[in-house]
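The values are calculated or read from the model by the stated rules, or taken from the named source; none is laboratory data. Bear in mind the structure is a predicted one, so any value in this text is a computation, not a measurement. Here Cβ is always computed from backbone atoms with ideal geometry, including for glycine, and neighbour counts include all displayed protein chains. SASA here: full protein model, heavy atoms, side chains in, ligands and nucleic acids out. Shrake-Rupley method; radii C 1.70, N 1.55, O 1.52, S 1.80 Å.
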Amino acid sequence: MHNWISFAFFAIYAIVILFCVVVVVTENKNPIRAVSWTLALIFLPVAGIVFYLFFGRGLKGQSLISNRVRRRMLSRSRSSQKNFAYTEVDPSQVQKIKLAHSLCHAHLDLGNSVEIFTDGPEKFRQLKKDIEEASQFIYIQYYIYSDDRLGNEILELLARKAKEGVEVKVLYDHVGSFSTPNSFFRRMRSLGIDAHPFFRVTFRKLANRINWRNHRKITVIDGKIGYIGGMNIADRYVEVSPTGRIWRDTHLRVRGPIIESMLYSFYMDWNFLRPADEVQTIIPTHYEICGDVPLQLVTSGPIDKWSNLVLCFQNAIASASKRIYIQTPYFLPTDALLKALQGAALSGVDVRIMIPEHTDSRMLGYGSSSYIDDCLKAGIKIYFYLPGMLHAKTMVVDDNFASAGSVNFDFRSFENNFEGNLMIYSEAVNRQMRDIFFADLRQSRKITKTDWKRRPLHTKLLESLVRLFAPIL
């Protein structure tokens, strides 16, 4: 009898595994990801199934914002309209602009100014100053909003502005802000701030929601000032850790017509899963010309038809003739992006990738390291940033293209997260970001083939093992 029960149990388990593998193979369009999940299901009994139920299923093709809501949003936004002012940009950038527009209606906005922050205290001093001067509305969206000194300072400012009659909305990611107590956000709402989590995770919907994270960091103030980049609201961006390490990130402050595209992105996320009768739309406004920088805001997410930022990055890399400089906290590229970078380096393009030597995720650190040998063989230069956690997400290509925002150079950002990056078509901004890259280079160490081969065998084996599961991390 005991043998019969054991046999029945294993038979049922085998059928479940087989069913999951069939689903993965038939529904997942990424073969590398499919192989990773198949390995997890086969070699991690029980745990593999649990991980797949929570993290394996995709959202592509699912309508999580109704077509009616989307049409209302598009009809009120200039971002839905085609723009053909390509004479204002270098002809070599036109293909990038057209691609971004085709993917997500990304409007080419001319006449903007861009201020780059690489210092957390400086960025948050300016943000608090802009909040204090707001007179109409303050819309804030962050992946992480922490209940710490910085978080409470900004909360007090927002509460004071709400009391003055300024409309204040705060959108935070529910998973990203798990460590922040609910009482903090209840206090925020009690002070007149309209604060909501994106894609709230509940026990009933745990498996359907925990893997999908809104990683965007977008702030819009009075329709005049916008912020976008990699910094969250947390003390680690303004204080040195007890170990003496810093969090080095990049954030942009922008002014000009690009603000409407940022407002459109914020409202799309704000209206996510809301019924049509509760939808709030953008009030048409005239956006002032504030500079000469052409910008496009490219957003991407698991519900999009295409992998928007992957395709934009592939196109930018393929078009490079001089240089490609990338800063990212995690380097787990898709196979297509890795080959594009290798092809660029082998054709004589100066390809440099900077990642932190001390990462905040040991597993992702091992995963990133597993790609270094492939890069070095192709002539790609790899640098480890030494002072602390490099959290910047930037790319510089040739002389007049750059990108900065929230997307990490890894599978999760490209496939599972809701992300947003600015595409910047400007020689001046490109030059600034190159200068920043080289300033960081002076605080980094270059990895050589000889040094890399000297890694302990157990480290190499661990890196190879983690790489097998890189597409599902």
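Only a single criterion out of (1) surrounded by fewer than 21 Cβ atoms within 10 Å (Cβ to Cβ); (2) at pLDDT below 95 is not satisfied by Gln314, namely (2). Within segment 401-427, the set of residues being part of a strand (DSSP E or B) and among the aromatic types (Phe, Trp, Tyr) comprises Phe401, Phe409, Phe418. Scanning segment 305-331 for residues that are of a type in the set (Val, Ile, Thr) and in contact with a strand residue (DSSP E or B) (Cβ under 7 Å, 6 or more places away or on another chain) yields Ile317, Ile324, Ile326, Thr328. Within segment 228-246, residues that are under 17 Å from Lys393 (Cβ atoms) sit with their Cβ atoms under 9 Å from residues that are at pLDDT 90 or above and open to solvent by 50 Å² or more (accessible area, probe 1.4 Å), at 6+ positions apart or across chains, in these pairs: Met231/Trp247; Ala234/Trp247; Arg236/Trp247; Tyr237/Trp247; Ile246/Arg236; Ile246/Glu239. If you filter segment 321-351 down to residues that are at pLDDT 95 or above and of a type in the set (D, E, K, R), you find that the one that is farthest from Ser444 (Cα to Cα) is Lys339. For the criterion of being open to solvent by 10 Å² or more (accessible area, probe 1.4 Å) and of a type outside the set (Phe, Trp, Tyr), Ala162 passes. If you go through segment 86-121 and keep only what is small (Gly, Ala, Ser) and touching a strand residue (DSSP E or B) at 6+ places or on another chain (Cβ under 6 Å), you end up with Ala100, Ala106, Ser113. Within segment 318-351, being in a strand (DSSP E or B) and buried (at least 21 other Cβ atoms within 10 Å of the Cβ) holds for Ile324, Tyr325, Ile326, Gln327, Phe331, Leu332, Val351.
Counting only strands (runs of 3 or more DSSP E) that fall entirely inside segment 355-400 and contain at least 3 residues that are within 21 Å of the chain's Cα centre (by Cα), the qualifying elements are 388-390, 394-397.
Would you check if there is a residue in segment 123-144 being at pLDDT 95 or above, under 27 Å from His174 (Cα atoms), in a loop (DSSP other than H, G, I, E, B) and within 23 Å of the chain's Cα centre (by Cα)? Yes, there is a match, as at least one residue in segment 123-144 is at pLDDT 95 or above, under 27 Å from His174 (Cα atoms), in a loop (DSSP other than H, G, I, E, B) and within 23 Å of the chain's Cα centre (by Cα).
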